[in-house]
1. Using C-alpha positions alone, give me the convex hull volume of region B:46-121 per residue in cubic angstrom.
2. Report the label-to-label distance for A:E39 and A:S78 in nanometres (one decimal), using points 7 Å from each Cα along the Cα→Cβ vector.
3. Once fully extended, how much extra length lies between A:D22 and A:D105, figured as 0.36 nm per residue of separation less the alpha-carbon to alpha-carbon distance?
4. Write down the radius of gyration of region B:1-94 and its Dmax, each obtained from C-alpha positions, in Å.
5. Just tell me how shielded A:74-87 is by partners: mean number of partner chain Cβ atoms within 10 Å of each residue's Cβ, no decimals.
6. Could you grab the relative contact order for region B:46-121? Cα pairs under 8 Å, six or more apart, rounded to a whole percent.
7. Obtain the nm distance between the two label points defined at B:I15 and B:R93 by a simple spin-label model: each point lies 7 Å from its Cα along the Cα-to-C-beta direction.
8. What distance in nm lies between label points placed 7 Å from Cα along the C-beta direction at A:Q114 and A:E60?
Number of protein chains: 2
Amino acid sequence: MARRNVPIEKCDCDIIHQEVVDRVRGRLPQEETLYDLAEFFKVFGDSTRIRILWALTESEMCVCDIANLLNMTQSAISHQLRVLKQAALVKNRRDGKVVYYSLDDDHVQQILEQGMSHINEK
Amino acid sequence: MARRNVPIEKCDCDIIHQEVVDRVRGRLPQEETLYDLAEFFKVFGDSTRIRILWALTESEMCVCDIANLLNMTQSAISHQLRVLKQAALVKNRRDGKVVYYSLDDDHVQQILEQGMSHINEK
DNA sequence: TACTCATATGAATATTTGTTCATGTATTAG
DNA sequence: CTAATACATGAACAAATATTCATATGAGTA
């Protein structure tokens, strides 16, 4: 959501803190890298996807199982599974008509648990 | 974004996988907990906020420093800092007219780094 | 006091995004 | 081949959200 038609106003801090700001600027990762990082976390930032991921930490499941479990339409789940797949958070295998989804690696579970422990501490 | 005016269609998997689905259902955290977890990750899911957080891992900074660093308006930064503060990811201290923001704890940095290492692996 | 600077905030707006609906594709069964 | 089942997908719509603009607040200063 990037807009910016207006010049940025400066304040005196710019002069006072110039060294600090320049140092921080030099240590920031690439703009694009941080954008990708935000995109990565964005995938976790939806309760439907979180519930799907959490469910898959317990067992691989097919699309319709997940839809039943979460009481949502097959279409809605399928759309979200696509988002998760594109983010390389889940993988799938086909067995006849049925497609089973599972977590792509256990890194995902670690991230879920770390987030969970953070909100439990506060 | 919760809508659901339509009954969920069932498929045969529901019968075949019933035991698995029931077991997973029993092991899912509270609906509200997962919702909170999604809200938590949602805060990381914006590139402006990610850049703010990453900058604050290097040094505390005032609002106008951050605005200059990221080449954005003071207002936009201030709005996002409020989001970060409400999520308990940053804290602030006032020194005269200037308000300095910093990370609330180093747990935040761990989460950033874990996300970063994930996207670098893929 | 009046004035300036740094920050906060409410409303408006444009963009993004999640779900629904309709339909398409792949696989199996008859 | 035809029908049925499980899943995928494009378009439309509603809701959420990030930025801008205008303005308010709070602290120092003349």
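1. Values: hull volume 6.8 nm³, N = 76.
Enclosed volume per residue, from the Cα hull, is 89 Å³.
2. Placing both labels 7 Å along Cα→Cβ, they lie 2.5 nm apart.
3. Values: separation 83, 0.36 × 83 = 29.88 nm, distance 3.82 nm.
Contour length minus Cα-Cα distance gives 26.1 nm.
4. Computed over the Cα atoms of region B:1-94, radius of gyration and Dmax are 20.8, 62 Å.
5. Working: counts 4, 1, 3, 0, 0, 0, 0, 0, 0, 0, 0, 0, 0, 3.
Neighbouring Cβ atoms belonging to other protein chains average 1 per residue here.
6. Once divided by the residue count of region B:46-121, the mean separation gives 33 percent.
7. 6.8
8. 2.7
Where a number appears in this text, it was derived from the coordinates with a stated rule and is not lab data. Note that this is a predicted model, so its numbers are computed, not measured. Neighbour counts run over all protein chains shown; Cβ positions are idealised from the backbone, glycine included.
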